[in-house]
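Below: one structure, written as C-alpha cells.
The values are calculated or read from the model by the stated rules, or taken from the named source; none is laboratory data. This one's a predicted model, so the numbers in the text were calculated from it and none came from an experiment. Cβ: placed from backbone, ideal geometry, glycine included. Neighbour counts: every protein chain shown.
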C-alpha cells in the first residue's frame, strides 16, 4: 500500500469502499473491495526496540505508517565528553534507560505490550554489549505477553524507513551513511538486498567526529552536546568549501567501495599546519576552522557522489533498477546533512533519479525504524517471526545482503566528469 493511501481519512475510506461497491458486482471488483476492506479494518501495530550503539530508542508504529508512541534517550553528550563511544559505558547507559524508554513509548501510544501484534528488536549489526541489552529486554516482553519476536537487521531498517513516509517501490538503490557504516545496496524486497560496495576503513560519521575533535569544536559552547558531524556541518555554513584542496579517494579503483581514512589524514595535516602557521594552541579553535570544515565536508560529498554515480551506471548496465522511475534512498545519521543531500540531489538530477531522504529525525538511530521494519516483515506474507524467541542471538557483524561488489569491479566503469558546486 502506498504511503498516500496509508493516510487516507476514515471518511474517505468509507467513500472509496462505497464507490467500489457501486461500480459493479463482478469478481474483480469483489476482490478489490475485499482487499481495501481488509486493509482498512485490520490495524496492525509493532513495538520496536533499538540499542545497537549509543541511543536507546523505542516506538509503536502501525501499518498506516503512523507513529503512535515514541521515546528516545540519547547518549551523545556523554560520549562527546569522553572523546568517543566506549562500549561498556554505552551498555550501562542502555541498561539504565531501556525499561523507562520502552514504557514511555507504550504510554504515549496508550497501549501495553499485550496490545501490540509483535515486538521487533535490533539484533544485528552493532556493538555486542549494546545489542544484548535491547534483545534481553525484548525477550522479557515476549515472555510476558506471548507476542511474536521479529529480529531486525539495523541497516535494512535504515534502508526501508523511507517507505514509511514516501512511496518507494522495490527495487531501489540505497546509500547508507552513518557513524558506523557506509555502503551502497539495492533493496529488492523487504529482506532481499545486494551489496554493491562498502567502506574499506572509516565510516563518514566517524571521520566527521575525529576531525571535529581535532579542531576542538566541542570547546565552543554551541557544540558541547552535539555530534562531530553536526558541529562540522554547522561550522561549514560560514566557510568556503574550496579553501583547501582535499584529495578524491580511490580515483583509480573502479568500484563502489569507500575510503575515508586518507581524507581524514589529509585534513589532520591541514589542521596541524594551520595551527603552526597561525601560532594557535592545540587546545584552541582555529580562526579559519569554518573553511576547514567546509572543505572537509565537500571532500566527503565528492567521494560519496562519485561512488553513487558508478552505482547508478552499474545498475543501468546490469538491470538491477528499472529503466524509468529510478530511486535513490539516502539514510543513516550522515544522511541528514543538508549539504550532502543537496549535492546528491544534483547528481540524481543528472541521472533522472528520484532522491528520497527520510526526515532528519528518522535518519539517526531510533525505535521508529525498527518498529516499521517489523511492520514490513509482519505484512510481507513471509514468516519473519522467531520460531523460538529464547534462541535468538545478536550478531555484531552481519552483511546487509549478498555481496556483488566483485561484479562492480569487473565492470570497470569509467566515470564522466561530475560538477557538484
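Quick notes on this one:
- Residue in the stretch 106-121 that is assigned by TED's automatic domain parsing to the domain that holds residue 80, assigned to a helix (DSSP H, G or I) and surrounded by fewer than 21 Cβ atoms within 10 Å (Cβ to Cβ) present: yes
- Annotation: residue 419 fulfils all but one of (1) at pLDDT below 95; (2) more than 30 Å from residue 103 (Cβ to Cβ); (3) in a helix (DSSP H, G or I); the unmet one is (3).
- Selection status of residue 236, closer than 23 Å to residue 309 by Cα and in contact with a helix residue (DSSP H, G or I) (Cβ under 6 Å, 6 or more places away or on another chain): no
- Against the conditions (1) more than 23 Å from residue 329 (Cα to Cα); (2) in a loop (DSSP other than H, G, I, E, B), residue 269 satisfies every one except (2).
- Once the stretch 125-134 is narrowed to residues that are buried (at least 22 other Cβ atoms within 10 Å of the Cβ) and in a helix (DSSP H, G or I), the residue that is farthest from the chain's Cα centre (by Cα) is 133.
- Candidates 314, 339, filtered to the one that is in contact with a strand residue (DSSP E or B) (Cβ under 8 Å, 6 or more places away or on another chain), farther than 19 Å from residue 159 by Cα and assigned to a helix (DSSP H, G or I): 314
- Matching residues, the stretch 214-240, being modelled with pLDDT of 95 or more, surrounded by 21 or more Cβ atoms within 10 Å (Cβ to Cβ) and assigned to a loop (DSSP other than H, G, I, E, B): 215, 239
- All of (1) under 23 Å from residue 66 (Cβ atoms); (2) in contact with a helix residue (DSSP H, G or I) (Cβ under 8 Å, 6 or more places away or on another chain); (3) buried (at least 21 other Cβ atoms within 10 Å of the Cβ) hold for residue 408 with one exception: (1).
- Residue in the stretch 344-359 that is over 24 Å from residue 250 (Cβ atoms), out of contact with any strand residue (DSSP E or B) (no Cβ under 7 Å at 6 or more places or on another chain) and buried (at least 24 other Cβ atoms within 10 Å of the Cβ) present: no
- Conditions (1) under 29 Å from residue 217 (Cβ atoms); (2) in contact (Cβ under 8 Å) with a residue 24 or more places away in the chain; (3) not in a strand (DSSP E or B): number failed by residue 72: (3)
- Checked against the criterion of being outside the structural domain of residue 75 (by TED's automatic domain parsing), touching a residue at least 60 places away in the same chain (Cβ under 8 Å) and touching a helix residue (DSSP H, G or I) at 6+ places or on another chain (Cβ under 9 Å), the stretch 374-381 has no qualifying residue.
- Residues of the stretch 307-335 that turn out to be modelled with pLDDT of 95 or more and on the phi > 0 side of the Ramachandran plot, as a count: 1
- Test: residue 389 is surrounded by fewer than 24 Cβ atoms within 10 Å (Cβ to Cβ) and farther than 12 Å from residue 149 by Cα: no
- In the stretch 396-405, the residues that are surrounded by fewer than 18 Cβ atoms within 10 Å (Cβ to Cβ) and touching a helix residue (DSSP H, G or I) at 6+ places or on another chain (Cβ under 8 Å): 396
- Any hit, the stretch 290-303, residues being touching a strand residue (DSSP E or B) at 6+ places or on another chain (Cβ under 8 Å) and assigned by TED's automatic domain parsing to the domain that holds residue 205: yes
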